[in-house]
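First the structure, in the form of structure tokens, and then the observations on it.
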Amino acid sequence: MKSKMILLLTIFSLNVHARLAPTTLNSFISDAEIILEVAPVRLERSPNSRAGQATFSVLRVWAGKYEAKDLQVAWSDEIHDQPITDLDKDYLLFLKKNQDGKYTGAQYGRSYWAFTGGRITDPSKADLDSEQRYLSYDYPASMVTLTAAQKKALIVKGEKSDKAPRLGVKALREYVLKKKSGT
């Protein structure tokens with residue numbers, strides 16, 4: 001009896017985290033009601049927790065209907081929920097409305113992709129499709145799998161020092177628009 005109790009205590013005391021399963025790019029785009037290019041304005045984190053919320057200024061709507069100039073997104077303390085952690089990067093958000101009517105990630109743990117290559121302070125004076133701006137194809141974006149044809153169309157030449165392939169902003173935006181329009 002004592003050995004069974006020790007075995008049960010050992011099993012239930014292990015710190016086990018489930019891994020996120022990959023999804024396809026087409027499925028991911030399909031699950032998003034809106035896809036927005038945004039700049040974080042404010043981050044609020046709960047004390048002693050990963051939970052929090054961010055307020056964003058909307059730079060550009062890639063897909064769906066969204067007319068407000070700003071947006072709030074919240075996340076939980078769960079291990080695979082994806083927090084926003086950096087005010088110095090713009091983001092591409094793949095969102096859907098939850099039961100409360102608030103926007104949340106279209107797919108858990110992989111819906112907020114950080115831009116690399118410059119922060120946009122004034123979208124009216126910036127080239128949002130500049131080759132200097134790109135999305136790094138590493139976590140969480142890498143949890144969205146690309147077919148060989150998608151890799152050929154979306155991955156742009158990067159620097160030798162890059163740790164992950166680069167997704168071209170213009171090519172990805174055109175791909176999203178094409179998929180959302182059904183062509």
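Every number here is computed from the coordinates shown, using simple stated rules; none is lab data. These numbers were taken from a predicted model, which means no experiment stands behind them. Every residue, glycine among them, receives a Cβ derived from its backbone with ideal geometry; neighbour counts consider all protein chains shown.
Things to note:
- Whole-Hz couplings from phi, Karplus 6.51/-1.76/1.60, listed for the range 70-84; x for Gly and Pro: 9, 7, 10, 10, 10, 9, 8, 8, 5, 4, 9, 5, 9, x, 8
- Choice from Gln53, Gln132, Gln107 showing the highest fluctuation, given a GNM over the chain with Cα pairs closer than 10 Å: Gln132
- Trypsin sites (Lys or Arg not before Pro) restricted to the range 69-99 and DSSP loop, no more than 11 other C-beta within 10 Å: Lys69
- Inter-label distance for Thr55 and Ala149, nm, one decimal - labels placed 7 Å from Cα along Cα-to-Cβ: 4.4 nm
- Sequence-separation-based contact order of the chain, relative, with Cα cut under 8 Å and 6+ spacing, percent: 20 percent
- Placing unit charges on the Cβ atoms only, positive for Lys and Arg and negative for Asp and Glu, gives the chain a dipole magnitude near 520 debye about its Cα centre.
- Magnitude of the charge dipole for the range 70-157, about its Cα centre and with charges confined to Cβ atoms of Lys, Arg (+1) and Asp, Glu (-1), is about 420 debye.
- Computing volume of the Cα convex hull per residue in Å³ for the structure here picks out one of (1) 293; (2) 119; (3) 178, namely (3).
- Difference of contour (0.36 nm per residue) and Cα-Cα distance, Lys163 to Lys65: 31.8 nm
- Within the range 127-174: Cβ-based charge dipole about Cα centre, in debye rounded to nearest 20 (Lys, Arg +1; Asp, Glu -1): 160 debye
- Neighbourhood charge, 12 Å Cβ-Cβ cut-off, centred on Thr104 and excluding it, Lys, Arg +1 and Asp, Glu -1: -1
- Label point distance in nm, Asn26-Lys97, each placed 7 Å from Cα along Cα→Cβ: 2.8 nm
- Residues whose placed amide H lies under 5 Å from that of Thr145, excluding near-sequence neighbours: Thr23, Thr24, Leu25
- All lysines inside 23 Å of Lys179 as judged from Cα atoms, apart from same-chain residues fewer than 8 positions distant: Lys65, Lys96, Lys97, Lys151, Lys152, Lys170
- By the rule of a C-alpha distance below 12 Å, with chain neighbours fewer than 8 residues away ignored, the aspartates and glutamates paired with Lys69 are Glu37.
- The label point for Arg42 and the one for Ala171, both projected 7 Å from the Cα toward the Cβ, are 3.9 nm apart.
- FRET efficiency for the Ser76 to Glu33 pair, using the beta carbon distance and R₀ = 22 Å, is estimated at 0.65.
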